[in-house]
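To start, the structure itself, in structure tokens.
The values are calculated or read from the model by the stated rules, or taken from the named source; none is laboratory data. As the structure is a prediction and not an experimental result, all values here were calculated from the model. Every residue, glycine as well, gets a Cβ built from its backbone with ideal geometry; the counts of neighbours run over all protein chains shown. All accessible areas refer to the heavy atoms of the entire protein, side chains included, with ligands and DNA or RNA removed. Shrake-Rupley method; radii C 1.70, N 1.55, O 1.52, S 1.80 Å.
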Number of protein chains: 2
Amino acid sequence: MNNSAYLTSYVNQFVETVKQAGVEDVVICPGSRSTPLAYAFAKSEGFHFYRQIDERSAAFFALGIAKAKKLPVVLLCTSGTAAANFFPAIVEAYYARVPLLVITADRPHELREVGAPQAIDQVHLFGKHVKWSVDFPIPEDNDESLPFIERHIHRAITTAKALPMGPVHINVPFREPLLINMEQQHPVVQVSQTEMGQLVPSVEFIGWYKDLLQTNEKGLIIVGDSLPTTAGFWEFAREVQWPILADPLSNLRCSVPEDCLPLCIDQYDAILKENAFKDFVVPDVVVRFGAQPVSKPLTQFLKACKPTVFIAVDESPIFRDSLHIVTHHIQVGATSLWIPIEEKQSSSYLENWTKANDIATKHVQAYMEVEEDEGALAATLFETLSNGVDLFASSSMPIRDVDTFYNKTTKDIQIYANRGTNGIDGVVSTALGVQAATKRPGYLLIGDLAFLHDVNGLIVSRFQQTDLTIVIMNNDGGGIFSYLPQSSETTYFEHLFGTPTGLEFSHIAAMYDAQYDTVHSKEQFVRVLNQQKMKDVRIIEVFTNRQVNTETHRKLWTAISEELDLIWKV
Amino acid sequence: MNNSAYLTSYVNQFVETVKQAGVEDVVICPGSRSTPLAYAFAKSEGFHFYRQIDERSAAFFALGIAKAKKLPVVLLCTSGTAAANFFPAIVEAYYARVPLLVITADRPHELREVGAPQAIDQVHLFGKHVKWSVDFPIPEDNDESLPFIERHIHRAITTAKALPMGPVHINVPFREPLLINMEQQHPVVQVSQTEMGQLVPSVEFIGWYKDLLQTNEKGLIIVGDSLPTTAGFWEFAREVQWPILADPLSNLRCSVPEDCLPLCIDQYDAILKENAFKDFVVPDVVVRFGAQPVSKPLTQFLKACKPTVFIAVDESPIFRDSLHIVTHHIQVGATSLWIPIEEKQSSSYLENWTKANDIATKHVQAYMEVEEDEGALAATLFETLSNGVDLFASSSMPIRDVDTFYNKTTKDIQIYANRGTNGIDGVVSTALGVQAATKRPGYLLIGDLAFLHDVNGLIVSRFQQTDLTIVIMNNDGGGIFSYLPQSSETTYFEHLFGTPTGLEFSHIAAMYDAQYDTVHSKEQFVRVLNQQKMKDVRIIEVFTNRQVNTETHRKLWTAISEELDLIWKV
């Protein structure tokens, strides 16, 4: 075979193996060294094909697709720092357990570490933040080449999909010339089939666990981020009759069956602050599915009460317990523990939770009607969301506002955020990725710094249709820092943490041909939210005040705690 | 000592050690975990203090300062993906040999790998792309703590400065509370002094080398990027009387002493394309200082002629020879080989080079007057640059246009680019960093994709004065790919490589309060360049056409080669 022929076979085999493994989406960054694979993916039928110029944003975009689909997404770039730009999203994917198939094109061995242009040491480039990394052989005319890459691509994808899911990295060297034969077909090696096993618990464990659920009254179920599915959960919860403390990212505050609404405790962030109620609801048993919840008050509550039995259901050996309170690490898929038991009755323990939850809900409603701060405005947004949309919450304040103000509902709304490492980077891109995957109208709640950080995420909207409403809470700077102790320092605080940029995002909206509105009051916000969406991207910039936000939030917590204290005073 | 007192001592010791080592510049990204160090740097007198919200841009900005000063710059961020965003600039710094002191704040050990927020595995986060990396101990009240960190900070900075210079990484865990005592002084440990040795060759080598210079007529001196200094070079070159093939990044095309102008061959990229001249000037000896030059024709020429003696003066064991033509790797600082010899006479070999160079110069001048393509416009820019400014060239086409069209001059103009890994990322930030360091008016020549990639680099202009003129060559997409063989593929090329975004940068200019002009002809360009600069940042957007650029370039090369062939026909 000539050079072009075996290069073509190599990339055809590559692409065909990826496709047969069920991968549906390919995100490509323009570059020269990756040409053979870019062309091979482009000419292969059946992939959703996306482009992004900024590799950092591209990687987060791929992360968004993979997060929504729970399927590996191909992310391809050329050699050099292009690959290094993938790093933030890869780190997030690793900790958020999102499957990615990262493919970096590389120079051949003879051009490595000899000062050749755009040649960096890409072998194991992403260190400990991928589940597996492999440096591929150069395309060669030999019988072992295609079977070898078939086996390794298979392994890469299976590794990405195995629980806990995560990113994998294939580094692929290409020699010039980089042109493939666009007509040539015939991948020559059969692609192997896969059956992926499930992590299930032993019969002995199930017996003990059933008994635990059946005989304990003071039990809590906590559900955090990153469940593979919620299907089957409510059937389980309905029988157990324990309060369900549902982190918004569990997606158990949405699509709640009508009769399960009382079980769903969505105000725990408000009712577990300083008050007497907390001491009345110390649990004996906690079962947690998914990641640790966002809420700090819940975290502190759990740390203080140290339940006798604390089960963390976590499919990874890196189980998540920063409080050192877990007593049982059950390394199985969450769904394997949503098992039938004998249906229980509601308890006074559950009723206490429900009552406090109702009180907090009442206060939050009243607050929403009176106040115009970030929280009240966020709550206003959540109320207007209709059935069948997705909500993406940025890290920093937005996810906290979702946690506090997103009320349980029967509507089908999926909530997403990047909580693997809680960065404010790549948020716009991840939201666009989710939207690309689900095709449902998307809403992104984001602060001004996070929006600015990933403003390049909008570039993909130039290359494909999208449907995203971006609500920017603009407090001109790092609002979250105002809640931290370091804000008491007065000389340097604003300089180091506030970092107001004074930038006007109307220019961004104009540049990206986005529908744009500014909002300075709640009334205006409601009006704008009810207006029709006319463009692919809509930006609603809501101006708030960091100082006011801090004060009104604190007033609300005090009011709730005071009423709880009246009832549960010792 | 209480917690705050020893935390304060720790960061005071940290900052004082850094300062006494001669570090002058600190680039900080807002974040919580890094609070103790941020406050300690902020309150310490005498640092230049910069802030940037986007950590990727911040790192390139620090790289720019360090590149201009050849001194380590502190780059500080909080824990999590903030640190991962530093990666592209760190990789560039590693290969471009730019000293950086990267400091990442981290969670304490008890919060690592247990699902705590913003905690990623930061130990050796940057892998093989830093010269040294160390995970610091948590601040503690013990006698060993301060001496230990003093020693290690000293080692980090000395490592960054030792040839070849490069980035180093200190990971610093902090426990809450993160507030230091702003009044407390007393770093308690004396900071050690440093004398850094020079890499010099043996007497035996110098003897052989002198003889080589003295007795060979057909010798070439090639100077590439990243020399620590150019001082002393021309005294040496004047005596050797070999042609000096000066890559623009050698900065030997600027500040050329009047009498050395004939020695300086600046048109080698044009005269070493397909023609008969090449065969007349095959060298016996080549001495190369600095990195491999940008020019592809020069590279191919050297590869074809394989000189009997090819000396690469390179202070690193990773010496740069992607062509495998170096016969002598001399691992010393370049200046130690700029030694006096007995002054030689001009040779016919030199005269051949000079004559061809003059012919090419004449053609380029004529071309500049007639054409209006990217090259001609770039040349127009270079001509108007006055004494005492800096020029930053983006990777991709701009550096190639500089290589081709930047003529030797006696003016003091410094030329910079990111050529460690040739990325188009972080270019705006690096240029702003250079400007912050030199305080001279800066010019940045950049393509539309590279400008868009690092548009966030402009954020620093909100926090500090700057003086940068950005000339965007807007060909709406990846112009360089039109020169590559893959452009012959017609179905997918534009989609995969051209990637036109259609974005208008006037909006960016408005957002960042930059002076803004558009240019559609050379006449207009000249007029605009002569207008007064009124704002910190000025953006001149020059619209060009990818197709035309490719064609006119090719016409120019043909004309030069044809005239050379007339003279040096075999």
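Hey, could you pull the Cα Rg and Dmax for the protein assembly as shown, both in Å?
Gyration radius and largest Cα-Cα distance of the protein assembly as shown: 31.2, 106 Å.
Before anything else, pin down the relative contact order of segment A:374-544: Cα pairs under 8 Å, at least 6 apart, normalised by residue count, whole percent. Could the numbers behind the result be given before it?
Numbers: 281 pairs, mean separation 37.7, N = 171.
Value for segment A:374-544: 22 percent.
Would you report the distance distribution of C-alpha pairs in segment A:287-394 as whole percents per 10 angstrom bin, up to the bin with the largest distance?
Histogram of Cα-Cα distances, whole percents per bin: 11, 26, 35, 25, 3.
If contacts are Cα pairs under 8 angstrom and at least 6 residues apart, what is the relative contact order of chain A in percent?
Values: 1161 pairs, mean separation 82.0, N = 570.
For chain A, the relative contact order is 14 percent.
Arranged from highest to lowest average of other beta-carbon atoms within 10 Å per residue, in what order do the peptides B:76-87, B:95-106 appear? List each step's numbers first, then the result.
Numbers: B:76-87: 29.1, B:95-106: 27.3.
Descending mean neighbour count gives B:76-87, B:95-106.
Starting from segment A:298-378, pick out the trypsin sites (Lys or Arg not before Pro) whose DSSP state is loop and whose Cβ has at most 15 other Cβ atoms within 10 Å. List each step's numbers first, then the result.
Working: sites: A:Lys303, A:Arg320, A:Lys344, A:Lys355, A:Lys362; in loops: A:Arg320, A:Lys344.
Here no loop site has a sparse enough neighbourhood.
Amide H to amide H, which residues 5 or more places from A:Leu220 or on other chains are under 5 Å from it, using H placed in the peptide plane?
A:Val285, A:Val286, A:Val287
Starting from the 7 Å offset along Cα-to-Cβ, what nm value, one decimal, do you get for the label separation of B:Val282 and B:Ser192?
Here the answer is 5.4 nm between the modelled labels.
By its C-alpha gyration tensor, with a ≥ b ≥ c as the square roots of the eigenvalues, how is segment B:358-411 shaped: rounded for a/c under 1.5, else prolate for a/b larger than b/c, else oblate? Working shown, then result.
On the way: a/c = 1.68, a/b = 1.21, b/c = 1.39.
Oblate, because a/c is 1.5 or more while a/b does not exceed b/c.
Just the Cα atoms of chain A, one point each, no solvent: what log10 I(q)/I(0) does Debye give at q = 0.13 Å⁻¹?
The Cα Debye sum returns log10 ratios of -1.32.
How shielded is B:26-32 by partner chains, expressed as the average number of their Cβ atoms within 10 Å of its Cβ atoms? If you can, show how the numbers build up before the last one.
On the way: counts 0, 0, 3, 2, 9, 5, 7.
Neighbouring Cβ atoms belonging to other protein chains average 4 per residue here.
Of the accessible area of segment A:203-356, with the probe set at 1.4 angstrom, what percent is carbon plus sulfur? Show your work: numbers first, answer last.
Details: 2930 of 5600 Å².
Its accessible area is 52 percent carbon and sulfur atoms.
Quick one: give the max-minus-min coordinate of the C-alpha atoms of segment B:151-228 along each principal axis, largest first, in Å.
70, 25, 19 Å, listed from the longest principal axis down.
Per residue, how big is the convex hull of segment A:96-192 when only Cα atoms are used? Give it in Å³. The partial results should precede the final answer.
On the way: hull volume 11.8 nm³, N = 97.
Enclosed volume per residue, from the Cα hull, is 121 Å³.
Report the relative contact order of segment B:3-173, percent, no decimals, based on alpha-carbon pairs under 8 angstrom and at least 6 residues apart. Don't jump to the answer; show the numbers that get you there.
Working: 336 pairs, mean separation 43.9, N = 171.
26 percent.
To the nearest 10 degrees, how steep is helix A:374-384 against the longest Cα principal axis of chain A, on a 0 to 90 scale?
80
Heavy-atom accessible surface, probe 1.4 Å, ligands and DNA/RNA ignored: which residues of segment A:75-104 lose at least 40 Å² versus the isolated chain?
Flagged in segment A:75-104: A:Thr81, A:Ala84, A:Asn85, A:Phe87, A:Pro88, A:Tyr95.
Considering only Cα-Cα distances, which of the following residue pairs are longer than 18 Å: B:Lys355/B:Lys555; A:Lys362/A:Lys569; B:Lys273/B:Lys355; A:Lys296/A:Lys411?
Details: B:Lys355/B:Lys555 21 Å; A:Lys362/A:Lys569 20 Å; B:Lys273/B:Lys355 16 Å; A:Lys296/A:Lys411 27 Å.
Too far apart for the 18 Å limit: B:Lys355/B:Lys555; A:Lys362/A:Lys569; A:Lys296/A:Lys411.
Can you work out the PRE-style zone for A:Lys210? Point 7 Å along Cα to Cβ, and I want the residues of segment A:321-357 with backbone N under 11 Å.
A:339-342
In peptide B:42-55, how many Cβ atoms from other protein chains are near each Cβ within 10 Å, on average?
Mean partner-chain Cβ count within 10 Å for B:42-55: 3.
Could you state the angle between the C-alpha long axis of helix B:145-161 and the longest principal axis of the C-alpha atoms of chain B, as a value from 0 to 90 degrees rounded to the nearest 10?
0
Taking the simple approach of a point 7 Å from Cα along Cα-to-Cβ for both B:Val123 and A:Met182, what is their distance in nm?
Computed distance between label sites B:Val123 and A:Met182 equals 5.1 nm.
List the lysines whose alpha-carbon lies under 25 Å from that of B:Lys128, not counting same-chain residues fewer than 8 positions away?
Cross-link targets: A:Lys128, A:Lys131, B:Lys67, B:Lys69, B:Lys70, B:Lys161.
Sorted by packing (mean other beta-carbon atoms within 10 Å per residue), highest first, where do B:463-469, A:34-40 land? Numbers along the way, then the final one.
Numbers: B:463-469: 18.6, A:34-40: 25.7.
Those peptides, ordered most packed to least, come out A:34-40, B:463-469.
Angle between the Cα long axis of helix A:87-96 and the longest principal axis of chain A, 0 to 90 degrees, nearest 10?
The answer is roughly 50 degrees.
Roughly how many nanometres apart are two label points built 7 Å out from the Cα toward the Cβ at B:Glu383 and A:Glu562?
7.8
Can you give the average number of partner chain beta-carbon atoms within 10 Å of each beta-carbon in peptide B:420-427, as a whole number? Could the numbers behind the result be given before it?
On the way: counts 6, 10, 8, 10, 5, 8, 2, 0.
That works out to 6 on average.
A drop of at least 40 square angstrom in accessible area, chain alone versus all protein chains together, probe 1.4 Å. Which residues of segment A:322-344 meet that?
The answer is A:Ser322.
Find how many whole Å separate the alpha carbon centroid of segment B:141-190 from the alpha carbon centroid of segment B:39-67.
Value for the Cα centre distance between the two parts: 17 Å.
Just to be sure I understand: if I project the alpha-carbon convex hull of segment B:3-173 onto a plane and average over all orientations, what area do I get in nm²?
Numbers: hull surface 35.2 nm².
Mean projected area of the Cα convex hull: 8.8 nm².
If you average the alpha carbon positions of segment B:522-570 and of segment A:393-460, how far apart do those two centres end up, in angstrom?
45
How much mean residue ellipticity at 222 nm does the protein assembly as shown get from its helices, if each DSSP H run of length 4 or more adds -39500 (n - 2.57) and you divide by all residues, to the nearest 500 deg cm²/dmol? Write out the running numbers ahead of the final one.
Numbers: 38 runs with 421 residues, N = 1140.
Result for the protein assembly as shown: -11000 deg cm²/dmol, rounded to the nearest 500.
Among the aspartates and glutamates, select those whose C-alpha is under 16 Å from the C-alpha of A:Lys210, and discard any that sit fewer than 8 residues away in the same chain.
Here the aspartates and glutamates satisfying the reach criterion relative to A:Lys210 are A:Glu235, A:Glu239, A:Asp284, A:Glu342, A:Glu343.
Using a probe radius of 1.4 Å on protein heavy atoms only, what is the accessible area buried between chains A and B, both sides summed, to the nearest 100 Å²? Working shown, then result.
Numbers: alone 23080 and 23090 Å², together 39000 Å².
Separately minus together, A and B give about 7200 Å² buried.
With a 1.4 Å probe and all protein chains left in place, how much accessible area per residue does segment A:427-570 have, in Å²? Can you show the working numbers first?
Numbers: 5490 Å² over 144 residues.
Here the residues of segment A:427-570 average 38 Å² of exposed surface.
Got a sec to turn the phi values of segment A:434-443 into Karplus ³J(HN,Hα) couplings, 6.51 cos²θ - 1.76 cosθ + 1.60 with θ = phi - 60°, whole Hz, x for Gly and Pro?
4, 5, 4, 6, 8, 6, 8, x, x, 10
List, largest first, the extents of the alpha carbons of segment B:203-355 along their principal axes, each in whole Å.
Computed over the Cα atoms, the extents are 41, 34, 28 Å.
In chain A, which Cys residues have no partner Cys with a Cβ closer than 4.7 Å?
That list is A:Cys254, A:Cys260, A:Cys264, A:Cys305.
Give the Kirkwood hydrodynamic radius (Å, one decimal) of segment B:371-556, defined as one over the mean of 1/r across all pairs of different Cα atoms.
Numbers: mean 1/r = 0.0600 Å⁻¹.
16.7 Å is the Kirkwood radius here.
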